[in-house]
1. Would you point out which residue out of 34, 39 is farther than 21 Å from residue 130 by Cβ, at pLDDT below 95, open to solvent by less than 60 Å² (accessible area, probe 1.4 Å) and not small (Gly, Ala, Ser)?
2. Does any residue in segment 107-133 that is in contact (Cβ under 8 Å) with a residue 60 or more places away in the chain come within less than 7 Å, Cβ to Cβ, of a residue that is open to solvent by 60 Å² or more (accessible area, probe 1.4 Å) and outside any helix (DSSP H, G or I) six or more places away or on a different chain, and which pairs are these?
3. Quick one: would you say residue 361 is within 19 Å of residue 165 (Cα to Cα), modelled with pLDDT of 90 or more and open to solvent by less than 60 Å² (accessible area, probe 1.4 Å)?
4. Let me spell it out: the conditions are (1) under 22 Å from residue 59 (Cβ atoms); (2) surrounded by fewer than 21 Cβ atoms within 10 Å (Cβ to Cβ); (3) not β-branched (Val, Ile, Thr), and residue 139 meets all of them except one. Which number is the exception?
5. Are any residues in segment 141-178 of a type in the set (Val, Ile, Thr) and touching a helix residue (DSSP H, G or I) at 6+ places or on another chain (Cβ under 8 Å), and if so, which ones?
6. On the given criteria, is residue 76 touching a strand residue (DSSP E or B) at 6+ places or on another chain (Cβ under 9 Å), aliphatic (A, V, I, L, M) and either surrounded by fewer than 16 Cβ atoms within 10 Å (Cβ to Cβ) or under 27 Å from residue 351 (Cα atoms) (or both)?
7. Report, ordered by the first and then the second residue, all pairs with beta carbons closer than 6 Å, sequence separation of six or more or different chains, a first member in segment 346-360 that is assigned to a strand (DSSP E or B), and a second member that is not polar (S, T, N, Q).
8. So which residues in segment 302-337 are touching a Phe, Trp or Tyr at 6+ places or on another chain (Cβ under 8 Å) and charged (D, E, K, R), if there are any at all?
Amino acid sequence: MSVRNVLWLWWKLLVLVSLTLCVLAFLKLQNYSLSDSELSSSTSSISSRSRAVDYTGNPKVAFLFLVRRNLPLDFLWGNFFENADTGNFSIYVHSEPGFVFDESTTRSTFFFNRQLTNSIKVAWGESSMIQAEKLLLGAALDDPANQRFVLLSDSCVPLYNFSFIYNYLMASPRSFVDSFLDKKDVRYNPRMSPYIPMRKWRKGSQWITLIRKHAEVVADDDAVFPVFKMFCKRRPPLEASKGKKNIKLQKQHNCIPDEHYVQTLLAIHGFEGELERRTITYTEWNESVTNMEKKGWHPITFSYADAGPVQIKRIKDIRNVYYESEYRTEWCRNNSTLAPCFLIARKFSRGAAMRLLSEGIVSPFDASSIMNLTP
């Protein structure tokens, strides 16, 4: 072959390859530009599995405890449930695998054998936290009477009696999910697209309260969760022993899954209009800095001295929440009626919980009666 023919052949090959790459790039761009309806259908077709038919009996609130091991404040919650109709609530506990709630591990019979049998090992800031929440919701959804689902930690306390909380939750047809846009967010990973587009990325508190419709979406999701598991990971913590290696570690992408997953998932499904975009769980934050840590917000633990009537009244009197990143004031309403923002609070020590009981916050109780009890 002549030199001219060889050059002509290479030129045609180059044009063909260029056209192919352009077509592939165009198709990829189309995938990254899914409309809201296409996005919702692409996830719902995978994640929606029918459970129970419409329930017409007495509705229950499912209290979902996500704990490390035992329940240090079981004495307070036991007293809370003592004054409730057992037909109005159910209890589920996700603890470490193999841990059993019985007379040797809890003071309250309400928690006997309420642990999940399929629990997993959970690590803070990792996708296992989301997986444990999904397991709790899945177990609670097996009972068609459960119509409201409240996620709680082992340091949560109720601020009102059972009747008030039950009526508050049942009066609202909405889920309570703290959800907002963080304009300074650096946690979104572009590799999540197209399944999680940036316009649907949300942030908020892990402590959610869901209606059954939304609980089913979270429990049954197997489209968005794998993407979170792969691309939303916590950056390794700083360690003095690693020296200069810390600089390299801090360049890794940082993402805390449980602060984004539910909020983003519900946004993808187009359910934001069905939410009260706030949490019913109060947390007091303190900005702190340590030698090996960047400036950050950390939840304050309430001690006995912090749990007096004045402090608790201050929390119960809150009627709105301001979201600085959105310049939004969220007025706390229950079925269009102005209401207290918070029904539950965290993080409370044992001493603080004892004071709540002795002060009659939950119900009249002699806290000294549990001082010598173990465990």
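The values are calculated or read from the model by the stated rules, or taken from the named source; none is laboratory data. Fair warning: this is a prediction, and the values are worked out from it, not measured in the lab. Positions of Cβ are generated from backbone atoms using ideal geometry, with glycine treated the same way; all protein chains shown enter the neighbour counts. Heads up: the accessible areas ignore ligands, DNA and RNA and are worked out on the full protein's heavy atoms, side chains in. Shrake-Rupley method; radii C 1.70, N 1.55, O 1.52, S 1.80 Å.
1. When all the criteria are applied, what remains is 34.
2. Here the result reads 107/373; 125/234; 126/234, each pair linking segment 107-133 to a residue that is open to solvent by 60 Å² or more (accessible area, probe 1.4 Å) and outside any helix (DSSP H, G or I).
3. On the way: within 19 Å of residue 165 (Cα to Cα): yes; modelled with pLDDT of 90 or more: no; open to solvent by less than 60 Å² (accessible area, probe 1.4 Å): yes.
Answer is no for this residue.
4. Of (1) under 22 Å from residue 59 (Cβ atoms); (2) surrounded by fewer than 21 Cβ atoms within 10 Å (Cβ to Cβ); (3) not β-branched (Val, Ile, Thr), only one is false for residue 139: (2).
5. Narrowing segment 141-178 to residues of a type in the set (Val, Ile, Thr): 150, 157, 165, 177.
Within segment 141-178, 150, 157, 177 meet the criteria.
6. Working: touching a strand residue (DSSP E or B) at 6+ places or on another chain (Cβ under 9 Å): yes; aliphatic (A, V, I, L, M): yes; either surrounded by fewer than 16 Cβ atoms within 10 Å (Cβ to Cβ) or under 27 Å from residue 351 (Cα atoms) (or both): yes.
Answer is yes for this residue.
7. 346/156; 348/157; 348/302
8. Correct list: 316, 319, 326, 328, 330.
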